[in-house]
Number of protein chains: 2
Amino acid sequence: MFYHEIRFDINYDPENLRWNGWGSEGHEWQHEAHIPALKKLLIKELKAPEGELPETPSVSIEDLNISASKFGDKEVKELGGIVGKDGVSVERRMRILHSAGQSYYDVVRLRTNQLKAYTDGVVFPKKEAQLAKLFTWCAKNKVALIPYGGGSSVVGGLEVHKASGQRAVLTANLTRMNELLELDEFSRIARFQPGIYGPQIEKTLNERGFTLGHFPQSFEYSTLGGWVAARSGGQQSNRYGKIEEMITAVKVATPAGVIETLRVPAEAAGPDWNQVIAGSEGLLGIITEVTVKIHRLPEGRRYFGVLFPSFRNGANFVREVSNEGEGYDLSMVRLSDAEETRMYSLLSEVTKKKTLLRPIKKAVQESVLRAAGQGAGRCVVIAGMDGEVGRMNRQEIRVRKAIRKHGGFYAGESVGKNWIKGRFNMPFLRNHVLDFGVGVDTLETSTTYANVEELHSEVLKALEAVTPHIVAFCHMSHSYHEGSCLYFSFMFLMDTKDPIGQWRKLKKAASDVLVRLGATISHHHGVGADHVPWYHKQNAGAAIGGLQAMKAAVDPAGILNPGKVFDGKP
Amino acid sequence: MFYHEIRFDINYDPENLRWNGWGSEGHEWQHEAHIPALKKLLIKELKAPEGELPETPSVSIEDLNISASKFGDKEVKELGGIVGKDGVSVERRMRILHSAGQSYYDVVRLRTNQLKAYTDGVVFPKKEAQLAKLFTWCAKNKVALIPYGGGSSVVGGLEVHKASGQRAVLTANLTRMNELLELDEFSRIARFQPGIYGPQIEKTLNERGFTLGHFPQSFEYSTLGGWVAARSGGQQSNRYGKIEEMITAVKVATPAGVIETLRVPAEAAGPDWNQVIAGSEGLLGIITEVTVKIHRLPEGRRYFGVLFPSFRNGANFVREVSNEGEGYDLSMVRLSDAEETRMYSLLSEVTKKKTLLRPIKKAVQESVLRAAGQGAGRCVVIAGMDGEVGRMNRQEIRVRKAIRKHGGFYAGESVGKNWIKGRFNMPFLRNHVLDFGVGVDTLETSTTYANVEELHSEVLKALEAVTPHIVAFCHMSHSYHEGSCLYFSFMFLMDTKDPIGQWRKLKKAASDVLVRLGATISHHHGVGADHVPWYHKQNAGAAIGGLQAMKAAVDPAGILNPGKVFDGKP
């Protein structure tokens, strides 16, 4: 069995990957024909002045101002001596591809030719032993080294920074270290190299009857090592946990030597290095192996939609199935607020065929929903179970009871099936809207249940205060015993004169609220360069000092991903 | 509702706590009348030469060689200025009580007057602000500071060590910081001070309808802060997790300032400080607050016994209910090996009334078991569920099916009820046997399922190679997705001439096997001083270096619990 929605045939050739947008050429959000309707929708929703959106095409790759690589023939030869001749590149396109991630901030800077710093070269190590040699070479040559997995960071984790005194930057692309090293069926664990992409992991495991169960939205273009380094969270984290909970052991190459944790399920032997490496974002070392828990492929999946009359009703349902009762065991429960429910409904209209009957169908649907108590403030939940069919039947009885208790309306499995079908597609939407002056970004945080409502409204208020030409919305997902992730998305009319200044204002507005309300600056994207000011506010003093000292011990020359997370200057 | 087996009335007055054994005066393993039968059993099992056990009474507290405190009136006055006059003691008994934990090694050293170092004084801080002042005072006066919770360390965590250049040692007893600070029923979390004992926590929570669900065997005499510092594991960890999984947030006073983690369910903001503090054993700071997940008191509990014809059968059952199927949700599953099954059965005979019918009853029981396929190698499982009654009914159907699948024999709930009744009692047994030349110690580790059998037999073999006068056995408990804890117990004829040398041999024999087979040096007791050599072997190089650098940053004067864990010299 394989998950039908996974594309196992993605071409990761750098020539084929987009340099200024999500994914590889040929993969789109929707058919070209739907774009005009999308545009029309956004004109209305963003209250575009004079009913028009500006054209904001990207510069072409040839137009980018990119200074010459600091690496000449000598460096290329030396690096080739370490990783092999075909393992080093100072080629222009390769450098561009490795100088930014996938945040709005990164992509807009590329598209407007405002990215200031480019990496000087890229290496593709194949073996752990090569990393030790690269560390030595970088320290000797005063070169910063940025570990690179799928390149999907949305928090500036790949931004090109040098520490003081460093003269160049090298990026280590780890996707040639992408093997399954060992599978222990009896103990249900698998040991992988770090550079393996999501679909490659699932293919390898599905063939043997297993799954990792980690499906972040970036799944198609991100890697295991990157997930661990940035504490990724997958869509089914309610069942399988966040990536840091899936780790049994890690092996990490640091300039001071290898750190390898024991292959044991739990320990009381000092601080937990697995949980230090998870979230270290390449500052302490390069992850070379990850041993993860694996699971039997579920016998079935059952995903369905539910409507609740208000965000509060929905949130109480989420809380109940996550911490109150016993035996709900949902793999996922994802509550959109009213605005996200409305926007997703409008977006799905964009892609539907216009027929004579469609408006009538919609009107009937609407009146049925209103009769069922689901008015204008209604919020959709997509929830799902993965497992044995008999067990899901029993679960469903309990879940339906909880739905009724909180005033919900069970909306059937077709909603869930559609969600599964498009689960990795949303990031492609941005590739289109950036062409016509619409910005789109997301941010995610987490808090306790008691604080969900306040945080939800305060973040939205802060974003909406930056510009009236914005649609901002939110969903709760990744719910836990004591709280939940809040994932905010926002689309806005781009300030074409200063898109970067505008983005900074939005980022600051939302992040200041997170700090004020004690919510984390990131639940599953990481800190990177973008979140440094707020991370430092939340970890001021001894915490930052302790981590910096640890870094100085394992990376004495300070070559590893300088300027990020706890190494950054707030 | 309250847990009926918890003694909520324990008198923790230092005058009432045993200085050379477990627990407080008046609490015993069993009635005095059972001791002769126990002795008889051990004579046989340990093959005591000439059928006799030596008398090995403890020295009396008055006989201990304890040098004068380094603290004179000046120091006592200064410390009193920080923690209040009634918060400082250099009194002899108080110093003795705070100079060792509860390991066999510690207790034997006390009983034989071989403990070399005693703390110079004890402070009882009441407020976090006092800790900062204590840090300054200790740094200025070159004094080591040992944080002390319940004093139940069995790995030398409280051993009195000085760093080079230090002239005295102060112990900070935290049991006066024992308040519930906040309870958020909606988010199901509670914030406590660190020095609250197990029964105090449950009383506080039970009164409000909640439980923490953390029940280590040391429960009655250990504290929340100690649990976190040493990564404690409770008997119901299958349901509630180990203590490090119960943490939502911690607050820690370090000499470099306070480290406080956010009250959020999950984060992607740098390494996880909760998981650095958990296991830091007082080396990085003193925990001042812990926010923990709490749960509704279970509607019911259902604990039962199962017999399996072999350890392998039992281990396969444990593995299945922990990682293979779905919906078993046992709170506990604890498999004794054949030797432990046999010994526990003999120990329970010791305490049973001898009647004319008893031998007949035993014989009938035995033949029934043999008929059911449970021969001499049979292994008992004690398993349990906590939760809604309806749910437990459904669970039980599945569990019974798994029992049959692995050749098990369901032995009923009375076994489980007895287990619950005596769950915190076993540590009291040692108080008796040490008087008649019998040593007893335990060690615990964890490994993946694939390695359980080898580790089990190799550790036992290593222990038995040290002396023929030993009974060593093991249980699997705290089982996880990929593996399990193995908990070894051993009773042995004490080498009365050199009990400490003998203990060192046993410790080394077993610990060397753990390292050789990649099992952790501790699953839930910690590293302390005793495990330092093996901890350093398993974390050599960059890992130790990184933690030492972190310590130097947050504790620049090196006052906090020197010589332990990563600060220790291997």
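Excluding residue B:407 itself, what net charge comes from residues whose Cβ is under 11 Å from its Cβ, given Lys and Arg +1 and Asp and Glu -1?
+4
What does the charge count around residue A:155 come to, taking other residues whose C-beta lies under 15 Å from its C-beta (Lys +1, Arg +1, Asp -1, Glu -1)?
Here the charged neighbours net out to -2.
Cut-off is 10 Å between beta-carbons; in what order do A:61, B:382 appear when sorted fewest neighbours first?
In order of increasing Cβ crowding within 10 Å: A:61, B:382.
Can you tally the net charge around residue B:86? Count Lys and Arg as +1, Asp and Glu as -1, for every other residue whose Cβ sits under 11 Å from the Cβ of residue B:86.
Within the 11 Å Cβ shell, the charges total +3.
For the Cα atoms of chain B, what angle does the longest principal axis make with the long axis of helix B:338-350, in degrees from 0 to 90, nearest 10?
90 degrees
Mind counting lysine pairs for me in the stretch B:492-570? Cα separation below 20 Å, and the two need to be 8 or more apart along the chain or on different chains.
Close lysine pairs found across the stretch B:492-570: 16.
Report the equivalent ellipsoid semi-axes for chain B in whole Å, largest first, defined as the square roots of five times the eigenvalues of the gyration tensor built from alpha carbon atoms.
38, 29, 22
State, as an integer percentage, the relative contact order of chain A based on alpha-carbon contacts under 8 Å between residues 6 or more apart.
Reported as a whole number, the value is 18 percent.
Give the angle, between 0 and 90 degrees and rounded to the nearest 10, that separates the Cα long axis of helix A:389-405 from the longest principal axis of the Cα atoms of chain A.
60 degrees
Compute the long axis of helix B:73-83 from its Cα atoms, compare it with the longest principal axis of the Cα atoms of chain B, and write down the angle in degrees, 0 to 90, nearest 10.
70 degrees
Show me the ranking of peptides A:251-261, A:163-173 by mean Cβ neighbours inside 10 Å, starting with the highest.
The packing order, highest mean first, is A:251-261, A:163-173.
Taking residue B:32 in one copy and the same position in all the others, each labelled 7 Å out along Cα→Cβ, what are the pairwise distances from the first, in nm, shortest first?
Spelled out, the distances from residue B:32's label point are 9.8 nm.
Summarise the partner chain shielding of B:532-545 as one whole number: the mean count of Cβ atoms from other chains within 10 Å of each residue's Cβ.
Other-chain Cβ atoms within 10 Å of each residue's Cβ, averaged: 5.
Taking the beta-carbon count within 10 Å as an exposure proxy, list B:512, A:184 from fewest neighbours to most.
Result, fewest neighbours first: B:512, A:184.
Largest first and in whole Å, what are the equivalent-ellipsoid semi-axes of the stretch A:209-296 based on the Cα gyration tensor, each being the root of 5 times an eigenvalue?
Semi-axes, largest first: 21, 16, 11 Å.
Using the alpha-carbon centroid of each, what span in Å lies between the stretch A:514-530 and the stretch B:117-186?
So the two Cα centres are separated by 33 Å.
Given label points at 7 Å from Cα along Cα→Cβ, what nm distances, shortest first, separate residue A:112 from the same residue in every other copy?
Here the equivalent label points are 7.7 nm apart from this one.
Only Lys, Arg, Asp and Glu count, each charged at its Cβ (+1, +1, -1, -1), so figure out the dipole size of the protein assembly as shown about its Cα centre, rounded to 20 debye.
860 debye
The stretch A:300-423: Rg/Rh from Cα coordinates, Kirkwood Rh?
Checking Rg against Rh, the ratio lands at 0.98.
In what sequence do B:10, B:196, B:397 fall when counting other Cβ within 10 Å, fewest first?
With the fewest neighbours first, B:10, B:196, B:397 line up as B:397, B:10, B:196.
To one decimal place, what Kirkwood hydrodynamic radius in Å is obtained for the stretch B:384-513 from all pairs of distinct Cα atoms?
The answer is 17.4 Å.
Per residue of A:292-304, what is the mean number of Cβ atoms on other protein chains within 10 angstrom of that residue's Cβ?
1
Among the aspartates and glutamates, which fall within straight-line cross-link reach of residue B:85, defined as a Cα-Cα distance under 18 Å, with same-chain neighbours fewer than 8 residues apart omitted?
Excluding near neighbours in sequence, the set is B:13, B:73, B:75, B:120, B:128.
For the stretch B:322-375, just run the numbers: alpha carbon Rg, then divide by 2.2 N^0.38 Å, N being how many residues it has.
Normalised Cα radius of gyration, the stretch B:322-375: 1.56.
May I ask you to derive the relative contact order of the stretch A:209-296, considering only C-alpha pairs under 8 Å and at least 6 residues apart, and to give it as an integer percent?
RCO, the stretch A:209-296: 38 percent.
Measuring from a point 7 Å out along Cα→Cβ, what nm distances, shortest first, does residue B:356 have to its partners in the other copies?
Residue B:356 label point versus its equivalents elsewhere: 10.1 nm.
Near residue A:77, which aspartates and glutamates are there with a Cα under 12 Å away, not counting those fewer than 8 places off in the same chain?
Answer for residue A:77, where 12 Å is the Cα cut-off: A:86, listed by chain and number.
Of B:153, A:180, B:80, which is farthest along the charge dipole of the protein assembly as shown in the positive direction, counting Lys and Arg as +1 and Asp and Glu as -1 at C-beta?
Selected residue: A:180.
Please list, or write none, the lysines whose alpha carbon is within less than 26 Å of the alpha carbon of residue B:354, excluding same-chain residues fewer than 8 places away.
Candidates past the 8-residue exclusion: B:39, B:40, B:44, B:47, B:362, B:417, B:421.
For the protein assembly as shown, state the semi-axes of the equivalent ellipsoid (square roots of 5 times the eigenvalues of the alpha-carbon gyration tensor), sorted largest first and rounded to whole angstrom.
One finds semi-axes of 53, 35, 28 Å for the protein assembly as shown.
Throughout, read-outs are computed from the coordinates displayed, never taken from laboratory work. Everything numeric in this text was worked out from a predicted model, so none of it was measured. Because the Cβ atoms are built from the backbone with ideal geometry, glycine has one as well, and the counts that use them run over all protein chains shown.
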